Amino acid sequence: MPLRLIASPWVPMAVAAVVFVVVLGQGIPVVPLALFIGYVALAVALPGVFVWRLLLRHLHTGPDRPPTWFEDLSLGAIFGFGVQLPVYLVGVWIGLPLIVWALPVVVLAMSATTLGRTVWALPTRRTDTAMSWGLAAVICYGLVWLDRESFAYRPLSLPGNKSPGVDETFHLALVGELSHHFPPQIPFLLGTRLDYHWFVHAQVAAARWATGVEAQAMLRELMPATLLTLAVLGLAAVALRLTGRPVAAFIAPALLVAGAFHLFGPNYPSAIFTEPFLMRRFVTSPSQTYGVMMSMPALMLLLEVLRPDRRAAKVTWVALALALLALSGSKATFMPMFLCGAVAVWVLQLVWRRRPDPTATALVVLLALVTAFAQLVLFGGSSGAMAFDPFETVDAALRSQQINDTALSSTLMTMALLIGWLLYGVGVIGLSIRGRWRDPRVIWMLVSIPAGVTVGLVFFRAGLSQLWFQRSAAELVVLVSACGVAALLPDPLPRRSAAALLAVAAAAGLGAFAVSSWVEVANDFEREATVRSLELTVLAPVVLVAAYVAARAWLGRVGARRRPGPTILLAVLLGLGLSNVIAFGVEAATTPQGVPKWPVLFAAGGVDAAEFIEANSDPDDVVATNIHCKSPDGPKCDNRNFWLSAYAQRRVVIEGWGYTALTNANFDPERRNSTIPNPFPRRLEVNDAAFEQPSADTVGRLVADYDARWLFVSKKYPADIAGLSTLTDVVTEVFRNGNYTVYEVTG
């Protein structure tokens, strides 16, 4: 019995689950953690897995190898977020947000029917135990990384006015909006449509309604850990379905989590330009993390319909359409890439067959329709101020490292960025050796990847947002690389061969770490790249390839019986990225965990005042405030002020105007987006007059024009509080503390 237990593929997943609970349990009490896990299992995963198996049951009963339970659970759980979202949005629209709990009830009822029992009893293959242990190791590493690099720097014990940054208040504000309203608006700028990737905020809002767990805990810890775990499992499931090889299912997520190669030094903040997945913005940009996870079912189904050996069933197309719609509002970067790849497949099939391919045609039409839906319906046709500006990303990277912009440095930085973005895709060589480059699935990936990477080089947007495209392409890079490596390896892969290749990769990573550390010490500073480190980053892969070719040639001349195969070279090149894992391990073992000192985001007492409004108002009530700038005494007005709408969970006449399409449309390359003036000067004038020249007329105009029901006054910003207090026929003071006063409009 003990031996059978150890050989079970579910044991490593149980170990990963324990690590998940232990890591999150350090900051989140047992009851909220249990409620969240139960919610995800019952209200998300259970309906998702059932619908996934229901739609794709032909894969289990067809002539091909049936999927494993691992695949169905991983991709089905992710699919469940897409199944649940429209139900929740309808519930918010009709005032019944807890309707999401109807989903597991319906599934359980259907499970008692003949159809339901058939769905759960579909035949499956056994999950490979070695693959399961490998994925558990990848998940545990990612969770520990999150704990040290993010959770510890963003403890939930922080006072509300010392939030880690404005981004969190922005996301909290959107969660509050989607907790009470559909269709959603921008809550801090009344009457402005929400042109943003808001699906993840709706998911947090749904979980908040269902569990009562605070949105802040979900944004900082619960959702990042969940999205990381499911993204790793989902990518592994896609690789397993595509290749049938457990080794590919391990390699793809391992490469993604290990990260991009560079020799800029162990302490270089690679999250800015090169890191594809695990980065400091993993938590502060939940839409990207959620989008990566939500892309996995769509990715698997896209590859399924592109199979060259048979046509996909109609129900597969239905599942694909649903998965793409669920992805469309998660992150806007995926759909254009996927569409470019589909168009390339259509064109090449037309050239080779001299007639349009029906599958490629249908895929192009479907992707075009979903892309148009996302762009026009969800994002209102906004381009996000993405501007054609070739190699501005390279110039920005040089400026960030204080490197002079010369022809040499610009060329080196361009090549270093491309190596960082693409080197872990070098396994694709295996597909070319095996002659699989004409497979439409390979073509689709090989075109989608440069489509995403090119955006990062030829376009530019404030905040380096163009780099989200190359980060979105990263999952395709590692997937095609894993497929290529698997194509070169024997099936099944002997344990001794696997251990040898892992040892070679680890040695390459250790060597890269040693060289990177030497570069950092030699330059006598940390966290910056230099021309020397750029040169080494560019030359290292070239030197390794040259050494491999020279070694094979020499061994051939001396008549050696065995020469190193291409898998050895791939293990070395792919192992270079392990320098990031080694650097993290060394830093964790030698450097005590620091205690960050977060600056005060707003004056003390603001959360109490905002939550008073939340507790005593209707969700449709509108608030007016005299707070518009991030700081009351800054040299310029920083328009990223969102904390009132975040904590009051109410719409505000005009609080801040950062991160909006209107502000982005006024992009000026000579100034930061955060200092662009507000797009509604008359509204600001009417709003501020009620606070600075309070009278029955000024307050009355504010109420008449914008239906304001509450006045939220900060003493740090211009306001005639004494004058407001005399307007007893118009407003009534209902809350006061040292820094804030709240009035209810009664007149």
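The values are calculated or read from the model by the stated rules, or taken from the named source; none is laboratory data. None of the values given here were measured: they were computed from a predicted structure. Virtual Cβ from ideal backbone geometry, glycine too; neighbours counted across all protein chains shown.
Here are a few things to note about the model shown:
- Some residue of region 588-595 being of a type outside the set (Gly, Ala, Ser), more than 30 Å from Leu502 (Cβ to Cβ) and modelled with pLDDT under 95: yes
- The set of residues in region 642-654 being within 27 Å of the chain's Cα centre (by Cα) and assigned to a loop (DSSP other than H, G, I, E, B) consists of Phe642, Gln649, Arg650.
- Residue in region 168-176 that is of a type in the set (Ser, Thr, Tyr), under 23 Å from Ala615 (Cβ atoms) and either surrounded by fewer than 22 Cβ atoms within 10 Å (Cβ to Cβ) or at pLDDT below 90 (or both) present: no
- Residue check for Leu222: of a type outside the set (D, E, K, R) and either closer than 18 Å to Ala326 by Cα or in the same structural domain as Asn678 (by TED's automatic domain parsing) (or both): no
- Scope region 552-579; condition within 39 Å of the chain's Cα centre (by Cα), in a helix (DSSP H, G or I) and aliphatic (A, V, I, L, M); matching residues: Ile568, Leu569, Leu570, Ala571, Val572, Leu573, Leu574, Leu578
- Residues (under 21 Å from the mean Cα position of the chain (by Cα) and among the hydrophobic types (A, V, I, L, M, F, W, C)) located in region 187-214: Leu194, Trp198, Phe199, Val200, Ala202, Val204, Ala205, Ala206, Ala207
- Among the criteria (1) more than 30 Å from Ala252 (Cα to Cα); (2) assigned to a helix (DSSP H, G or I); (3) of a type in the set (S, T, N, Q), the one Asn404 does not fulfil is (2).
- Checking Ser516, Ser472 one by one, the residue that is crowded, with 21+ Cβ neighbours inside 10 Å, polar (S, T, N, Q), under 30 Å from Arg438 (Cα atoms) and under 31 Å from the mean Cα position of the chain (by Cα) is Ser472 and no other.
- Here the helices (runs of 4 or more DSSP H) wholly within region 1-76 that include at least 2 residues being without any contact (Cβ under 8 Å) to a residue 40 or more places away in the chain are 2-7, 10-25, 30-39, 46-55.
- Of the residues making up region 117-161, not one is of a type in the set (Asp, Glu) and without any contact (Cβ under 8 Å) to a residue 40 or more places away in the chain.
- Contact map, region 529-551: residues that are farther than 22 Å from Ile568 by Cβ and not assigned by TED's automatic domain parsing to the domain that holds Ser410 paired with residues that are among the basic types (Lys, Arg) and surrounded by 14 or more Cβ atoms within 10 Å (Cβ to Cβ), Cβ distance under 7 Å, separation 6+ or inter-chain. No pairs are found.
- Of note, Leu56 satisfies the criterion of being among the hydrophobic types (A, V, I, L, M, F, W, C) and either closer than 15 Å to Met300 by Cβ or outside the structural domain of Pro308 (by TED's automatic domain parsing) (or both).
- Any hit, region 130-150, residues being in contact with a strand residue (DSSP E or B) (Cβ under 8 Å, 6 or more places away or on another chain), under 28 Å from Ala14 (Cβ atoms) and among the charged types (D, E, K, R): no
- Test: residue in region 392-400 that is within 30 Å of Asn267 (Cβ to Cβ), in contact with a strand residue (DSSP E or B) (Cβ under 8 Å, 6 or more places away or on another chain) and small (Gly, Ala, Ser): yes
- Exactly one residue among Val119, Val175 is over 24 Å from Val21 (Cα atoms) and within 26 Å of the chain's Cα centre (by Cα), and that residue is Val175.
- Residue in region 21-30 that is within 19 Å of Arg117 (Cα to Cα) and modelled with pLDDT of 95 or more present: no
- Note on region 588-622: residues that are within 28 Å of Leu146 (Cβ to Cβ), part of a loop (DSSP other than H, G, I, E, B) and of a type in the set (Gly, Ala, Ser) total 1.
- Within region 692-715, being over 12 Å from Val731 (Cα atoms), touching a Leu at 6+ places or on another chain (Cβ under 8 Å) and buried (at least 22 other Cβ atoms within 10 Å of the Cβ) holds for one residue alone: Val713.
- The set of residues in region 599-637 being acidic (Asp, Glu) and surrounded by 18 or more Cβ atoms within 10 Å (Cβ to Cβ) consists of Asp621 alone.
- Residues of region 413-467 classified as of a type in the set (Val, Ile, Thr) and modelled with pLDDT under 85, total: 1
- The set of residues in region 623-641 that are within 15 Å of Ala609 (Cα to Cα) and in a loop (DSSP other than H, G, I, E, B) comprises Asn626, Ile627.
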